[in-house]
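Engineer: Below is the structure I would like to discuss, written out as structure tokens.
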2 protein chains.
Amino acid sequence: MQHHDPEALAVGLLSVSRALVDGISAGVRARGFDDVRPAHGFAFARLAPAGATITQLAEHLDVTRQAAAQLVDELIAKGYVQRSRHPDDARARLITLTGKGWACTRAAEAATADAVRPWAAILGEDRLRALEHDLLRIAPHGPLRPTW
Amino acid sequence: MQHHDPEALAVGLLSVSRALVDGISAGVRARGFDDVRPAHGFAFARLAPAGATITQLAEHLDVTRQAAAQLVDELIAKGYVQRSRHPDDARARLITLTGKGWACTRAAEAATADAVRPWAAILGEDRLRALEHDLLRIAPHGPLRPTW
DNA sequence: CAGATTAGGCAAGTAGCTTGAACATATGAG
DNA sequence: CTCATATGTTCAAGCTACTTGCCTAATCTG
């Protein structure tokens, strides 16, 4: 009876993840957004639906509020997000994507599709869907934390 | 759901990778090695077979030679590796694991097995092996680059 | 309405990388 | 054999994305 090999699984997982991040990053840059880093993508993912406060963003990214504030300052300076008054709390500020931020998000989605496409050619649609399904089953709940 | 969903696949992949790295890191710390970071593990992987030079390690980690040298200095200070004269080239130094370095490597292997074990319970042995197999098929060749 | 809590900002410090320059050894052309 | 060039490493300084510590303003609680 054949056992699985934790080392090989770990290598495969980390290699593919790294390749995915690198591929998305390259695709986003190729689409003209050359001043964003992978970490920004994780922020965009939290901001996209309806915006967020600095504190919420910090929790999502698993960094201090100060670090999140610095990241937001940078993204504002680059034109990807905007800071506006929070409708419900005068202490807080609501951070939302600008048009450029949404365009960059769409570029990241397209880049992701590009990065994944060759895998479909290698594995076939069925096994790729099985891969996705199984990964989501073993993935922890909670926010997608950055990492690169 | 006819087609695969690149976004869902990316989220699954990155979530599971992050969970794996966090799990290994926690397991290694729990085994008494609380002064190593995930990045060190990628260095150990290159050094384990037969040692390496600073330059080889830098290429493997995809950092400058200076950064690799700093990392090695740190690992020497902590007792995980040693620097000795290179047998074939008087310019180079051969970096190899110490006994403590090997012990930490074994701890990382055990921690990896621990981190992966719950997945086998969720997916079953067969699908976990299929996951490993498919990931290795789509993984790029070349060194496993660090990342955390 | 007083005290505790929460959102955010300001300042300084740090870890882990970078670039730039130097030095030692190796290699190859003449 | 000698010199020019390439390679392996190290020293020094700087940068970036974080951190900790403290501060103010607004909100919640009793």
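Engineer: From the list A:A77, A:A110, which residue is modelled with pLDDT of 95 or more, facing another protein chain (nearest Cβ under 10 Å) and open to solvent by 30 Å² or more (accessible area, probe 1.4 Å)?
Structural biologist: Exactly one residue qualifies, and that residue is A:A110.
Engineer: Looking only at region A:1-36, filter to residues that are more than 14 Å from A:V81 (Cβ to Cβ) and not in a helix (DSSP H, G or I); which one of those is nearest to the other protein chains (Cβ to nearest Cβ)?
Structural biologist: A:H4
This table checks each residue for (1) of a type in the set (F, W, Y); (2) more than 30 Å from B:R117 (Cα to Cα); (3) more than 15 Å from the chain's Cα centre (by Cα).
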residue: A:V11; (1), (2), (3): no, no, yes
residue: A:S17; (1), (2), (3): no, no, no
residue: A:I54; (1), (2), (3): no, yes, yes
residue: A:A58; (1), (2), (3): no, yes, no
residue: A:Q66; (1), (2), (3): no, yes, yes
residue: A:E74; (1), (2), (3): no, yes, yes
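Engineer: Mind counting the residues in region A:118-147 that are without any contact (Cβ under 8 Å) to a residue 40 or more places away in the chain and within 23 Å of A:A48 (Cβ to Cβ)?
Structural biologist: Within region A:118-147, residues that are without any contact (Cβ under 8 Å) to a residue 40 or more places away in the chain and within 23 Å of A:A48 (Cβ to Cβ) number 7.
Engineer: What pairs come up if the first residue lies in region B:51-70 and is under 20 Å from B:W102 (Cα atoms) and within 14 Å of chain A (Cβ to nearest Cβ), the second is more than 7 Å from DNA strand C (Cβ to nearest atom) and in a helix (DSSP H, G or I), and their beta carbons are under 7 Å apart, counting only those six or more places apart or on different chains?
Structural biologist: B:H60/B:R46; B:L61/B:F42; B:L61/B:A43; B:L61/B:A68
Engineer: Still on this model: Out of B:P87, B:P140, which single residue is surrounded by fewer than 20 Cβ atoms within 10 Å (Cβ to Cβ) and under 21 Å from A:L14 (Cα atoms)?
Structural biologist: After applying the criteria, what remains is B:P140.
Engineer: Which members of region B:9-35 meet the condition of being farther than 20 Å from A:S15 by Cβ and open to solvent by 20 Å² or more (accessible area, probe 1.4 Å)?
Structural biologist: Listed by number, the residues that qualify are B:A26, B:R29, B:A30, B:R31, B:G32, B:F33, B:D34, B:D35.
Engineer: Please go through region A:98-109 and give me each residue that is assigned to a helix (DSSP H, G or I) and over 12 Å from B:A10 (Cα atoms), ordered by number.
Structural biologist: Within region A:98-109, A:G99, A:K100, A:G101, A:W102, A:A103, A:C104, A:T105, A:R106, A:A107 meet the criteria.
Engineer: Filter region B:126-137 for residues that are open to solvent by 60 Å² or more (accessible area, probe 1.4 Å), at the interface with chain A (Cβ under 7 Å from one of its Cβ atoms) and not aliphatic (A, V, I, L, M) and give the result.
Structural biologist: Correct list: B:R127, B:R129, B:R137.
Engineer: Counting only residues that are in a helix (DSSP H, G or I) and closer than 15 Å to B:L136 by Cα, which one in region A:113-125 is most open to solvent (accessible area, probe 1.4 Å)?
Structural biologist: It comes out as A:A121.
Engineer: Let me ask something else. Go through region B:134-148 and give me each residue that's farther than 19 Å from A:A139 by Cβ and assigned to a helix (DSSP H, G or I).
Structural biologist: B:L136, B:R137
Engineer: Which of (1) assigned to a helix (DSSP H, G or I); (2) under 24 Å from B:D5 (Cα atoms) does A:P49 not meet, given it meets every other one?
Structural biologist: (1)
Engineer: Let me confirm something: among B:A107, B:A67, B:A90, which residue is closer than 16 Å to B:R37 by Cα and within 12 Å of DNA strand D (Cβ to nearest atom)?
Structural biologist: B:A67 is the lone residue from the list that is closer than 16 Å to B:R37 by Cα and within 12 Å of DNA strand D (Cβ to nearest atom).
Engineer: Could you tell me which residue of region B:40-51 is farthest from the chain's Cα centre (by Cα), considering only residues that are within 16 Å of DNA strand D (Cβ to nearest atom) and surrounded by 14 or more Cβ atoms within 10 Å (Cβ to Cβ)?
Structural biologist: The qualifying residue farthest from the chain's Cα centre (by Cα) is B:G51.
Engineer: Determine whether A:A69 is open to solvent by less than 50 Å² (accessible area, probe 1.4 Å) and modelled with pLDDT of 95 or more.
Structural biologist: yes
Engineer: For A:T55, indicate whether it is within 20 Å of A:I24 (Cβ to Cβ), out of contact with any Ser or Thr (no Cβ under 7 Å at 6 or more places or on another chain), assigned to a helix (DSSP H, G or I) and among the hydroxyl-bearing types (S, T, Y).
Structural biologist: When the stated conditions are applied, A:T55 does not pass them.
The values are calculated or read from the model by the stated rules, or taken from the named source; none is laboratory data. Remember, it's a predicted structure, so these values are computed and weren't measured experimentally. Using ideal geometry, Cβ is built from the backbone for each residue, glycine included, and neighbour counts are taken over all protein chains shown. Only protein heavy atoms, including side chains, enter the accessible area calculation; ligands, DNA and RNA are left aside. Shrake-Rupley method; radii C 1.70, N 1.55, O 1.52, S 1.80 Å.
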